[in-house]
Structure formats: C-alpha cells, structure tokens
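Asker: Mind looking over this structure? Questions follow.
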Amino acid sequence: MSIMLAVLTDRSCGEACWHAKEEVCRCECGGINHGILLKDGATQPSRHSKIDGKAYQLIAVGDYRTINGKFYDMVKEYPPKRTVEYIEGKPFHYYWESSDYGSPLKMKAASKAQCVLWSELSVYKGLSNFEFYQNKPYLLWKAY
C-alpha cells in the first residue's frame with residue numbers, strides 16, 4: 001500500500017520519512033528508509049529530489065565556482081545533447097547545460113530554509129542574510 005501511495009503522491013524521500021514523522025510512509029522509498037534515522041548508528045540516506053518531473057540524487061554541495069566546475073567536468077561523461085556536422089564534416093558537440101530540460105545533471109542554488117533543515121548544508125546554517133547571499137551554497141544533482 002505504501003508503494004502505491006508513493007507513486008500517487010510523487011514525493012521524494014527526506015527528513016519526514018527518515019525520522020518517521022508520519023505513521024505510514026508516503027514517499028518514493030516505499031518504506032525502505034522510513035524511520036531509518038531512529039536506529040542507533042544509522043547513516044542518512046542520500047537526498048533525492050524531483051526536478052522538471054525527473055528524479056535526481058544530491059551528489060555535491062559547495063560554492064558556485066566549485067559546483068559549476070564539477071558540473072562541466074561531469075557533464076562531458078554523458079553523451080552530448082546534440083551533435084551537428086561542422087566544417088569539413090567534423091562533428092561539433094553541444095553539451096548539456098544545467099538549465100536544459102532533461103539534463104543528466106542539475107545545478108541549483110540552495111534556499112536559506114534548506115540550509116536550516118538539511119544536514120548537508122549545516123555549514124551555512126547560522127549565516128546572516130548578507131553572508132548567505134555573499135556565500136550562497138549550490139547543490140549538484142544527478143539523474144537516476
């Protein structure tokens with residue numbers, strides 16, 4: 001029943017599931033991660049999110065320059081978005097951009113609320129608004 005609810009609610013797994021805030025799991029894990037952080041010695045599962053209707057897993061957190069560099073290094077490991085014939089029949093590859101619909105990698109700025117709630121962003125938790133916008137954290141997501 002919980003797996004069916006997860007499909008119907010289309011909710012990604014997160015803090016509420018990991019701490020079993022509700023009696024019945026209603027997220028995409030189908031109960032596998034439900035209450036996992038209530039057990040001694042348990043480690044937090046990877047964070048997932050739906051972006052443009054596609055499922056992504058969080059793989060990195062950091063400043064803009066770091067995450068942007070990782071994005072462009074990693075995106076070349078995937079087939080190009082499109083290839084066209086260039087001068088003298090040589091191919092020219094158009095690689096994915098983070099803003100492209102269906103991109104295998106997404107780079108997103110973290111919100112101040114995420115910095116307060118997510119353990120992955122705990123370094124940014126106590127920043128003032130000015131400090132936060134000067135040092136805004138970015139998230140790198142990978143499609144799965």
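The values are calculated or read from the model by the stated rules, or taken from the named source; none is laboratory data. Just so we're clear, the structure is a prediction, and the values are computed from it rather than from any experiment. With ideal geometry, Cβ positions are generated from the backbone for all residues, glycine too; neighbour counts draw on all protein chains shown.
Asker: When you scan the range 1-100 for helices (runs of 4 or more DSSP H) that lie fully inside it, which ones turn up with 3 or more residues that are modelled with pLDDT under 85?
Answerer: Here the list reads 2-9.
Asker: Tally time: how many residues in the range 110-123 are touching a residue at least 40 places away in the same chain (Cβ under 8 Å) and part of a loop (DSSP other than H, G, I, E, B)?
Answerer: Summing the residues that are touching a residue at least 40 places away in the same chain (Cβ under 8 Å) and part of a loop (DSSP other than H, G, I, E, B) in the range 110-123 gives 2.
Asker: Could you tell me whether Met107 is closer than 27 Å to Gln44 by Cβ and either in a helix (DSSP H, G or I) or of a type in the set (Lys, Arg) (or both)?
Answerer: No; evaluated as a whole, the condition is false for this residue.
Asker: Considering (1) out of contact with any strand residue (DSSP E or B) (no Cβ under 9 Å at 6 or more places or on another chain); (2) in contact (Cβ under 8 Å) with a residue 60 or more places away in the chain, say which one Tyr138 fails and leave the rest.
Answerer: In the conditions (1) out of contact with any strand residue (DSSP E or B) (no Cβ under 9 Å at 6 or more places or on another chain); (2) in contact (Cβ under 8 Å) with a residue 60 or more places away in the chain, Tyr138 misses (1) alone.
Asker: Please determine whether any residue of the range 102-122 is exposed (fewer than 14 other Cβ atoms within 10 Å of the Cβ), touching a Leu at 6+ places or on another chain (Cβ under 9 Å) and not assigned by TED's automatic domain parsing to the domain that holds Cys13.
Answerer: Looking through the range 102-122, at least one residue is exposed (fewer than 14 other Cβ atoms within 10 Å of the Cβ), touching a Leu at 6+ places or on another chain (Cβ under 9 Å) and not assigned by TED's automatic domain parsing to the domain that holds Cys13.
Asker: For residues in the range 26-50 being surrounded by 15 or more Cβ atoms within 10 Å (Cβ to Cβ) and under 14 Å from the mean Cα position of the chain (by Cα), which is nearest to Tyr101 (Cα to Cα)?
Answerer: The selected residue is Ser49.
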